[in-house]
Amino acid sequence: MDIRRRNNIQITGRPDGPTVVLAHGFGCDQNMWRLTVPALAEHYRVVLFDYVGSGGSDLSAWEETRYSVLSGYAQDVVDVCEELDLRHAVFVGHSVSAMAGVLAAHAAPERIGALVMVAPSPCYIDSDGYRGGFSAEDIDELLASLESNYLGWSATMAPVIMGNPERPELGEELTNSFCATDPDIARVFARTTFLTDSRDDLKTVTAPTLVLECAQDVIAPREVGAYVHAAIPGSTLVTLPATGHCPQLSAPEATNTAILDFLRSLR
Amino acid sequence: MTFPLGDAPEPSEAQDAASTDAAFTALLEDSVDDLYESAPCGYLSTLMDGTIAKINATLLGRLGLERRDVVGHQRFADLLTVGGKLYHETHFAPLLQMKGAISGIALEMKKADGGRIPVLVSSVVKHGGEGEPLLIRTTVFDACDRRAYEEELQRRKQEAERAHRQAEADRARLQEALAALQQSLLPASLPAVPGVETATYYHTAAPDRLGGDFYDLFALDGERWAFFLGDVCGKGPEAAAVTSLTRYTLRAAALHDPDPVTALTTLNTVLHERCTGGDPRYCTAIFGILTPDPETGRAAVEVASGGHPPALVIRADGGTDFLPTPGGLLVGALPEASFTSATTTLGPGDTLLLYTDGLTEARTGPDRAELYGDRALLDFVAGHAGASPQGMVEALTGLLESLGDGVDDDTALLAVGVPRTLASSRPATDHRR
């Protein structure tokens with residue numbers, strides 16, 4: 001199995017620098033980090049990849065059973081780390097990827113030395129005494145929303161082309177389609193993302209951890225950021241002056257500063 | 001504002017121009033503000049963080065919201081259903097950030113009374129003089145009808161897929177039943193005949209149709225074997241029923257009285273009885289008795305034919321000829337039928353070939369306008385004289401394949417021969433496809 005091709009691994013930045021792995025969340029692909037990469041590239045070796053089923057990954061490698069559980073995505077992270085033989089890398093995960101990183105760090109502690117959790121949520125659905133922000137019905141509505149949009153998109157949106165930072169001429173096409181995924185795959189990813197309760201997994205974290213939350217995020221509200229911070233002893237919580245769920249796009253400077261401060265603190 | 005209608009307008013034309021001017025002025029009184037507020041679609045502008053800075057009356061009215069509750073207080077995503085909000089955050093916003101514009105996204109908006117409106121949303125980022133993003137302009141189109149249409153389409157698509165799956169399953173079941181029925185019309189394999197080698201070939205012109213050709217070979221007693229090959233008129237289930245009747249009638253008749261003429265006469269009576277009425281069914285057939293002589297290593301053959309192309313005898317030395325059985329009528333067509341028989345003896349290396357007209361009536365030539373014909377067949381098998389029955393059937397199989405779609409009828413072959421050396425009898429070779 002060619003993991004580099006399967007997960008569309010792209011490596012950039014300073015070759016002899018410490019390695020930072022950037023992992024996208026549900027919805028889009030590694031291009032979510034296009035404003036982050038330039039800030040890290042001077043001092044760090046930056047590894048980008050797409051989860052199988054997203055972006056420029058090999059869709060033929062996608063299996064419903066594997067990617068119906070978060071550990072399937074964590075296995076992608078471990079596979080990428082092993083393929084590149086990473087040691088004590090810093091794993092930066094956005095949204096659901098933050099929790100995939102927690103599982104991966106537990107499975108391969110020698111590979112992942114620190115975690116940056118960007119807008120994380122260990123559980124999106126409200127339950128006794130916990131406020132995730134959503135009801136189960138809300139999540140069903142999202143799935144319906146995905147359906148109705150893919151109905152309109154599937155005919156016109158070509159399969160996602162390869163994301164390749166070295167070939168900027170692909171950029172235009174890429175930005176048109178980087179959020180488009182096969183509807184069946186998107187449905188499974190959405191279910192896994194929003195229906196998984198991985199609160200107990202937060203206890204397993206031993207690596208230095210930075211939690212980045214947005215001041216206003218409908219997907220991961222402030223209560224959730226506080227919950228994650230409290231559940232991981234010794235973690236650092238930074239609230240970004242950002243609105244929405246993608247601070248790396250909406251407030252790139254503040255996001256990059258927070259990540260760089262954390263990376264420097266690790267030395 | 002003037003409206004140029006010509007270089008030097010006539011008075012009446014000038015009057016027309018004046019009234020057009022007036023209408024146009026009235027039109028212009030539809031101010032830009034009013035056009036914005038009362039446009040037939042929703043408009044809103046937000047800050048880059050989504051906070052609503054401006055929204056038109058059309059959209060406020062559609063949602064049942066008050067301007068003072070919305071402007072400066074709510075973000076665009078707040079107007080969406082929860083599912084829409086999630087979709088907005090995970091897809092819409094990143095795409096808009098990345099591209100600066102996004103169009104035709106299906107979302108649902110919440111009304112003040114709790115209702116929902118399906119909408120199509122397009123947004124574009126307005127940039128300042130320095131290229132810095134200033135605000136997001138969004139248009140909202142009502143998509144109630146479109147959504148209903150899409151749902152109907154999706155429902156129909158699912159129905160069609162279900163029907164398709166059902167049809168495929170039905171078709172597979174039918175194929176299976178046809179294949180089982182077809183197998184019952186032909187022997188699974190031919191019995192070994194001491195001192196004689198046999199080979200067969202069977203091909204139906206259409207894979208999902210029952211063939212009308214048939215053959216069989218079976219032991220009568222320890223010394224004699226009966227064989228037959230024929231062609232029922234027509235195809236499909238009705239022909240298959242007649243084929244079945246024919247096969248078992250000939251088998252029973254041969255066991256009762258192995259004389260070839262008697263066997264065909266019995267078949268004629270049975271078929272004619274059955275098929276009087278609106279559905280005349282008849283067949284052509286050659287029926288024969290094979291008597292190998294262990295002493296001489298030769299095999300005596302007696303055949304009778306009812307309307308069937310004559311058998312071919314291919315001698316080891318290359319001499320090849322038809323074995324004529326003149327005067328034989330179609331079996332089952334008339335109440336009384338007379339058949340004649342012919343005899344021959346097969347020596348080592350000789351082969352008797354029975355065939356159906358699928359072979360001789362195969363279409364050849366550039367326009368598929370000519371028939372392959374008896375003469376061409378005679379020449380072809382003469383060229384393979386001395387071949388074993390298996391070799392002969394293989395050569396003819398190759399010939400049929402080379403004729404391609406020129407073979408538009410079922411084809412059956414039965415070759416019976418005495419091996420050149422009497423080492424042992426060999427099992428029948430079956431070339432079905």
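The values are calculated or read from the model by the stated rules, or taken from the named source; none is laboratory data. These numbers come from a predicted model, not from an experiment. With ideal geometry, Cβ positions are generated from the backbone for all residues, glycine too; neighbour counts draw on all protein chains shown. In case anyone asks, the SASA skips ligands and DNA or RNA and just uses the protein heavy atoms, side chains included. Shrake-Rupley method; radii C 1.70, N 1.55, O 1.52, S 1.80 Å.
Running a GNM on chain B with Cα contacts under 10 Å, which residue among B:Pro191, B:Pro40, B:Pro348 ends up with the highest mean-square fluctuation?
Result for chain B, Cα springs under 10 Å: B:Pro40 fluctuates most.
Could you estimate the translational diffusion coefficient of segment A:3-266 from the Stokes-Einstein equation, with Rh from the Kirkwood formula over C-alpha pairs, at 25 °C and 0.890 mPa s, in whole µm²/s?
Details: Rh = 18.3 Å.
Calculated translational D: 134 µm²/s.
What does the net charge come to around B:Thr320 if you take all other residues with beta carbon closer than 11 Å to its beta carbon, with K and R at +1 and D and E at -1? Write down the numbers at each step before the final one.
Working: positive: B:Arg315; negative: B:Asp317, B:Asp321, B:Asp350, B:Asp379.
Net charge around B:Thr320: -3.
With springs connecting C-alpha atoms under 10 Å apart, model chain B as a Gaussian network and identify which of B:Ser338, B:Ser38, B:Ser19 has the largest mean-square fluctuation.
Between B:Ser338, B:Ser38, B:Ser19, it is B:Ser19 that shows the largest mean-square fluctuation.
Which residue, A:Thr181, A:Thr204, A:Thr193, has the most motion in a Gaussian network model of chain A that connects Cα atoms within less than 10 Å?
With Cα springs under 10 Å in chain A, the top fluctuation among A:Thr181, A:Thr204, A:Thr193 is at A:Thr204.
Suppose every K and R has +1 on its Cβ and every D and E has -1 on its Cβ; what is the size of the dipole of segment B:258-344 about the Cα centre, in Debye to the nearest 20? Each step should come with its number before you reach the end.
Details: 4 positive and 9 negative charges, 43 e Å.
Magnitude of the dipole: close to 200 debye.
Calculate log10 I(q)/I(0) of the protein assembly as shown for q = 0.07, 0.12 Å⁻¹, where I(q) comes from the Debye formula with a single equal point scatterer on each Cα and nothing for solvent.
-0.70, -1.16
Where the only charges are on Cβ atoms (+1 Lys, Arg; -1 Asp, Glu), what is the dipole of the protein assembly as shown about its Cα centre, to the nearest 20 debye? Please report the intermediate quantities before stating the final value.
Working: 55 positive and 96 negative charges, 376 e Å.
So the dipole magnitude of the protein assembly as shown works out to roughly 1800 debye.
Lys and Arg at +1, Asp and Glu at -1: add these up for the other residues within a Cβ distance under 15 Å of A:Thr65 and post the number. Numbers along the way, then the final one.
Working: positive: A:Arg66, A:Arg187, A:Arg191; negative: A:Glu63, A:Glu64, A:Asp76, A:Asp184.
The answer is -1.
Taking R0 as 22 Å, what FRET efficiency do you get between B:Leu35 and B:Arg137 from their Cβ-Cβ distance, rounded to the nearest 0.05?
Working: r = 15 Å, r/R0 = 0.67.
Once the sixth-power term is evaluated, E becomes 0.90.
Could you give the nm distance between label points at A:Glu63 and A:Asp2, where each point is 7 Å from its Cα heading toward the beta carbon?
About 2.1 nm, to one decimal.
What does DSSP give for the protein assembly as shown in terms of the percent of beta bridges that are antiparallel, rounded to the nearest 5?
Values: 86 of 117 bridges.
Counting DSSP beta bridges with both partners in the protein assembly as shown, the antiparallel share is about 75 percent.
Going through the cross-link list B:Lys54/B:Lys111; B:Lys54/B:Lys110; B:Lys157/B:Lys235; B:Lys54/B:Lys157, which pairs have a Cα-Cα distance over 29 Å in this structure? If you can, show how the numbers build up before the last one.
Working: B:Lys54/B:Lys111 18 Å; B:Lys54/B:Lys110 18 Å; B:Lys157/B:Lys235 37 Å; B:Lys54/B:Lys157 41 Å.
Cα-Cα > 29 Å for B:Lys157/B:Lys235; B:Lys54/B:Lys157; rest within.
Between B:Ala376 and B:Asp317, how high is the FRET efficiency from 1/(1 + (r/R0)^6) when r is the Cβ-Cβ distance and R₀ = 22 Å? Nearest 0.05. Don't skip to the answer; put the middle values down first.
Values: r = 21 Å, r/R0 = 0.96.
Once rounded, the FRET efficiency stands at 0.55.
Take every Cα pair under 8 Å in chain A that's 6+ residues apart, average their separations, divide by the length, and report that relative contact order as a whole percent.
Numbers: 532 pairs, mean separation 53.9, N = 267.
Relative contact order, chain A: 20 percent.
How much of the accessible area of segment B:31-142, probe 1.4 Å, is carbon plus sulfur, in whole percent?
Working: 2630 of 4950 Å².
Looking at segment B:31-142 in its full context, I get 53 percent from C and S.
For B:Ala160 paired with B:Thr20, estimate the spin-label separation in nm (one decimal), with each label point 7 Å from Cα along the Cα-to-Cβ line.
4.8 nm
Multiply the residue separation of B:Thr345 and B:Arg274 by 0.36 nm, subtract the distance between their alpha-carbon atoms, and state the gained length in nm to one decimal. Intermediate results must be reported in sequence, preceding the final value.
Numbers: separation 71, 0.36 × 71 = 25.56 nm, distance 3.60 nm.
Residue separation times 0.36 nm, minus the Cα-Cα distance, leaves 22.0 nm.
Determine the relative contact order of chain B: mean sequence separation of Cα pairs under 8 Å and six or more apart, normalised by residue count, in whole percent. Can you show the working numbers first?
Numbers: 834 pairs, mean separation 59.5, N = 433.
RCO, chain B: 14 percent.
Please give me the summed charge of the neighbours of B:Val71: other residues whose Cβ is under 13 Å from its Cβ, Lys and Arg +1, Asp and Glu -1.
+1
Gap in Å between the Cα centre of segment A:76-132 and the Cα centre of segment B:169-236?
Centre-to-centre (Cα) distance: 67 Å.
Could you give the size of the charge dipole of segment B:31-142 about its Cα centre, using +1 on the Cβ of each K and R and -1 on the Cβ of each D and E, expressed in debye and rounded to the nearest 20?
On the way: 12 positive and 13 negative charges, 40 e Å.
Roughly 200 debye, rounded to the nearest 20.
What residue among B:Val70, B:Ser103, B:Met48 has its Cα farthest toward the positive end of the dipole of segment B:31-142, where the charges are +1 on Lys, Arg and -1 on Asp, Glu, each on the Cβ?
Of the candidates, B:Ser103 comes out farthest on the positive side.
Read phi for every residue in segment B:39-53 and hand back ³J(HN,Hα) as whole Hz from Karplus 6.51 cos²θ - 1.76 cosθ + 1.60, θ = phi - 60°, with x for Gly and Pro.
Each residue's phi maps through the Karplus curve to give 4, x, 8, x, 10, 8, 10, 10, 5, 5, 8, x, 5, 6, 9 Hz.
Can you compute 3J(HN,Hα) from phi for each residue in segment A:21-30, using the Karplus curve 6.51 cos²θ - 1.76 cosθ + 1.60 with θ = phi - 60°, rounded to whole Hz and x for Gly and Pro?
So the J values, rounded to whole Hz, are 9, 10, 10, 7, x, 5, x, 10, 9, 4.
Go through B:Gly230, B:Leu396, A:Ser54 and say which Cα lies farthest out towards the positive end of the charge dipole of the protein assembly as shown; charges sit on Cβ, +1 for Lys and Arg, -1 for Asp and Glu.
Among B:Gly230, B:Leu396, A:Ser54, the one farthest towards the positive end of the dipole of the protein assembly as shown is A:Ser54.
Label-point separation (nm) for B:Leu334 and A:Glu253, each offset 7 Å from Cα along Cα-to-Cβ?
Rounded to a tenth, the inter-label distance reads 10.9 nm.
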